[in-house]
Amino acid sequence: MLYILIGIVVVVLIGYLGVAFYQRYFTKQIKSLEERKGALMALPIPEKLTKLRSLRLTGESQQNFDRWEKQYNDITNHNFEAIEAYLFDAEKANGKYQFLLVARILKQLRAYLQETDQDLVDVKDALDQLLANEADTREQIETLRVKYQGLRKRLLTKSFSFGPGLEGLEAILGQLEEDFNQANELTGAGDYLGAKMMLQKLIEQTDDLEDKMARIPKRYSELANEFPEQIDEISETYQAMLREHYNFGDNQLEVQLTQVTERVDKSLDLMEALDIESVEANNVEIAQNIDQLYASLEVELNARQTVEEHIGKTETIVSHAQTQNRELLLELDHLNQSYALTHDELVTAKKLTKQINEQKAMLEGHQGKIANHEAVYSVIADDLMAIDERLTEIETQQRDIHEQVSGLHQGEAVANENLQQFELELRNLKRTVEKLHLPGLADSYLDFFFVVTDEIKRLDHDLSQIKINLDEIAKQMVLIQDDLDKLKVKTNNLIDSALITEQLLQYANRYRIDFPEIQTACEEAQAVFNREFDYPKSVDILATALERIDPGAYTQVEKNYYSQKQTDAL
């Protein structure tokens, strides 16, 4: 029973302690939120409203102020009362130990406080912006006015540097003065937002004026001083050059001078309209045109010097080319009587004569223009260079032709030497064969021998003509040398076969009595040797028969033969 009583007391005590803990916890929460409400009410918004009322706002500034003041009044009249009601209900529920209700009320209160806090921050920021607009607008207008006064002073003191743009710049200044007055009126009336909008317009207009005033003087100096001086200098130089008998082709320089002058007038008109971008672009083109005019004058001045320095040299080159070509034609005509000129050397040389005459005619034409004061020296300078280049090419062609024909005499001598060598070699081959006292020679050998003989006779005939074709003779010599080399091989083969046949017959004598087939082979080989003159065949007949009874016999005989032949050659 005692334990039960103790348990009941413990449970009651725990419950009491829990209730006391939660009540104290929520009491602290309520107090914290009440302090947060006090902080919101302590924000310096009323002071800002009072200060803004004292500025006597008007226009859009006053409308903005009224909207934010109303929003603040709504917050103080409604939100704070609602917050107070939340706090009262929370304290009442906490006193009755309705902790779940307290938690729900505090959750709602926190959300409401957060919303109210954000609304008050928006009001405060908007009021700060209105105050800042007022101070910033006044300061910027004052700064801009100082800048404006500086521009006005500069325009008055440096008016001469703005040329036809002065009137337009003064008009902009007048408009700026009116806009400054309007901005001051808006500021004085308290319409700072309206003044700020006007301020943006003033900034743009002042920057534009400053930009134009910075760019115009340099461009006007070009149009009023630099360009006219250059145009006058070009015109005077042009006239002086005409008096000194310079010519400029189709008179385009005068047309270009007129066009440049018209461009200057156009730029002045554009400057009067304050179209500075177009003025700058047009001035760039004027400067480029003037540079081109200077370049045209300089080209003719330099060209005249070039012509005077080189025309005599060119005349000498033309004369030299004519002399060389005459000598070349005489040489070719002489050679043409003895040699066939197979590369159109004579025709080419005659063409070169015509080309040289054309270059000479061009040169003489320019000399006539110079004498008659009609010369366009730049054209003549270019033509002199072209004449020199063409005559250099002609000289190269003349040299090539001369080199082609200069070896004709030597070529003929070499051909005759080769002919004598061919005849000697042919006689030596014939004499070598005759020394063997062979019974005869095969028709195929004789035919080829006579072919070579005829080729050599034809070469001798062609070299004996009054007019010879060395190209054709060169081809003949190549053919003869090739065929003569082949004839030497055939002759050596013939001699070797004949002599080896004799040695094989001598070697076979030892087997004739004992071997009837050797006797038969010897008779057959002798018949072929003496009647058909086919000496290689005789060797084959004997070699085949001997190898059957004495293998290696032919190889041994052949080896001994060539060994002895080599020894005899030494």
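The values are calculated or read from the model by the stated rules, or taken from the named source; none is laboratory data. All of these numbers come straight from a predicted model, not from anything done at the bench. In this analysis, Cβ positions are derived from the backbone assuming ideal geometry, glycine residues included, and neighbour counts consider all displayed protein chains. Surface accessibility is based on the protein's heavy atoms, side chains included, excluding ligands, DNA and RNA. Shrake-Rupley method; radii C 1.70, N 1.55, O 1.52, S 1.80 Å.
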Worksheet item: Over 22 Å between Cα atoms, which of LYS430/LYS490; LYS435/LYS475; LYS313/LYS350; LYS430/LYS565; LYS457/LYS488; LYS158/LYS201 qualify?
Response: LYS435/LYS475; LYS313/LYS350; LYS158/LYS201
Worksheet, complete the sentence: Once all protein chains are kept in place, ARG510 shows an accessible area at probe 1.4 Å, nearest 10 Å², of 140 Å²
Worksheet item: What dipole magnitude, in Debye to the nearest 20, does the stretch 438-569 give about its Cα centre under +1 on Lys/Arg Cβ and -1 on Asp/Glu Cβ?
Response: 240 debye
Fill in: HIS402 versus GLU298: modelled label distance in nm, points set 7 Å from Cα along the beta carbon direction
4.2 nm
Worksheet entry | Principal axis dimensions, largest first and in whole angstrom, of the stretch 448-522 by Cα | 71, 15, 14
Worksheet entry | Solvent-accessible area per residue, Å², over the stretch 438-569 with all protein chains present [probe radius 1.4 Å] | 57 Å²
Worksheet item: At a 1.4 Å probe, what is the % contribution of carbon and sulfur to the accessible area of the stretch 273-350?
Response: 51 percent
Response to the item:
Per residue convex hull volume, Cα only, the stretch 245-405, in Å³ is 130 Å³
Item to complete: Filter the GluC sites (Glu not before Pro) in the stretch 341-381 to those in DSSP coil with at most 16 other Cβ atoms within 10 Å of their Cβ, and list the result.
Response: GLU374
Worksheet item: What is the set of long-range amide H partners of ILE468 at a cut-off below 5 Å, with H atoms built 1.01 Å from backbone N?
Response: TYR339, ALA340
Fill in: Pair-distance profile P(r), taking every C-alpha pair of the stretch 346-446, with 5 angstrom steps and integer %
2, 10, 11, 10, 8, 7, 7, 6, 5, 5, 5, 5, 4, 4, 3, 3, 2, 1, 1, 0
Worksheet item: Over the stretch 400-535, what percent of the accessible surface lies on carbon and sulfur atoms, probe 1.4 Å?
Response: 50 percent
Discussion item. Just want to confirm a number: the relative contact order over the stretch 438-569, from Cα pairs under 8 angstrom separated by 6+ residues, in percent.
Written reply: 26 percent
Worksheet item: What's the Cα-based Rg to Rh of the stretch 438-569, Rh via Kirkwood?
Response: 1.19
Fill in: Gain in span if fully extended, ALA214 to LEU438, counting 0.36 nm per residue against the direct Cα distance
68.5 nm
